[in-house]
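The values are calculated or read from the model by the stated rules, or taken from the named source; none is laboratory data. Source: prediction; values computed, not measured. Ideal geometry is used to build each Cβ from the backbone, glycine not excepted, and the neighbour counts take in all protein chains shown. Areas reflect the complete protein model, heavy atoms only, side chains present, ligands, DNA and RNA absent. Shrake-Rupley method; radii C 1.70, N 1.55, O 1.52, S 1.80 Å.
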Amino acid sequence: MSSKQEQVIAEGMTLGVIGAGVMGQTLIRGLVASGLIGRERMWAGDKNASTCELASAALQIPVEVDFQSRVSTADLILICVKPPDVPAALAALRNAGLRRETLLISIVAGVATDRLESVLGSENPVVRAMPNTACIVNEGMTVICRGRYAEKQDLERARHIFEAVGKCLAVDEVHFNAITALSGSGPAYQFLIMEALADAGVRVGLPRQLALTLVAQTALGAARMVLTTGRHPASLRDDVTTPAGCTIGGLLMLEDGRIRSVLARAVEEAAKIAGHLGMAPTKVSESAAAQRSGH
Ligand SMILES: NC(=O)c1ccc[n+]([C@@H]2O[C@H](COP(=O)([O-])OP(=O)(O)OC[C@H]3O[C@@H](n4cnc5c(N)ncnc54)[C@H](OP(=O)(O)O)[C@@H]3O)[C@@H](O)[C@H]2O)c1
């Protein structure tokens, strides 16, 4: 752990998490495992009572529907709800006495910092983040950017949180939809590719569990080679393609199947969808009106 991270702990930061679903729980587990913040300094809120019960038992922290009285204790709050639930979640924080200096970190796909700020209606520092589920095994990939009221040190604070569960890069907000499509959704693409390769292993006679272990460790090794050597993947691939060998034969079949354009189209489609996620009404009044009119 770096001295900067230790400094954050020394400050005795209290972390609240709104939305104890897949990502909320993933980040809490990752942070607990990293030792950055102790369980006694974490709480979570969720609108679903059964989620609260299950998450509270699994995470060993308070997870409550009635979390309002805890809001003013938080130095930092992670917003981990789906895009349409943002207005209600922010209204609950505002009405529960959110302190002006509490840093809000939103991991919500498609909702920009200016929209978060206008829905919140206060000058709280806001950082937008796009992590992925690999945070649960300390191999997350997260990008962050800051809103208009957030200072450099707020961004640093968010960086410490996400570096405790993987890599974290500060980027321009203009790239967020593309990044949501590439690394936010990325683990799902990798799972599908690994599943398909494991099936391929079964097709050529391997027991399924052995095939899956071979595929997963191979993916891990290849990723580490790219990250540690800094070499271009094409150059690493050239190293293992013997003339007239089996690898070049396999690669030819992948190219015949247009694997590059299929992957590019998948990311393009996901980026388009990410761009529309935040389009739902985000004003409390708008959303309440829509609910009343049944839309
Ligand atoms: N999943 C990923 O891989 C991933 C990666 C990066 C970012 N994200 C972003 O992370 C966010 C959460 O995704 P997720 O997959 O964790 O969703 P999720 O599993 O549905 O979790 C969201 C939780 O928040 C609860 N909730 C909804 N409104 C609330 C409110 N007003 N106050 C308190 N709790 C509330 C939901 O309860 P109900 O179920 O009762 O509605 C649910 O338990 C999304 O915005 C997504 O874009 C997800």
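If you go through the range 53-110 and keep only what is among the polar types (S, T, N, Q), within 11 Å of the ligand (Cβ to nearest atom) and within 18 Å of Ile161 (Cβ to Cβ), you end up with just Ser106. Looking at (1) open to solvent by 10 Å² or more (accessible area, probe 1.4 Å); (2) part of a helix (DSSP H, G or I); (3) within 9 Å of the ligand (Cβ to nearest atom), which one does Arg115 not meet, given that it meets all the others? (3) is the only condition that Arg115 fails.
Residues satisfying the criterion are present in the range 223-245 (criterion: on the phi > 0 side of the Ramachandran plot and more than 24 Å from the chain's Cα centre (by Cα)). A single entry from Val127, Val143, Val165, Val215 fulfils the requirement of being surrounded by 17 or more Cβ atoms within 10 Å (Cβ to Cβ) and within 21 Å of Glu268 (Cα to Cα): Val143. Does Ile144 satisfy the criteria of being under 19 Å from Lys47 (Cβ atoms) and of a type outside the set (Gly, Ala, Ser)? Considered against the rule, which asks whether it is under 19 Å from Lys47 (Cβ atoms) and of a type outside the set (Gly, Ala, Ser), Ile144 comes out as no.
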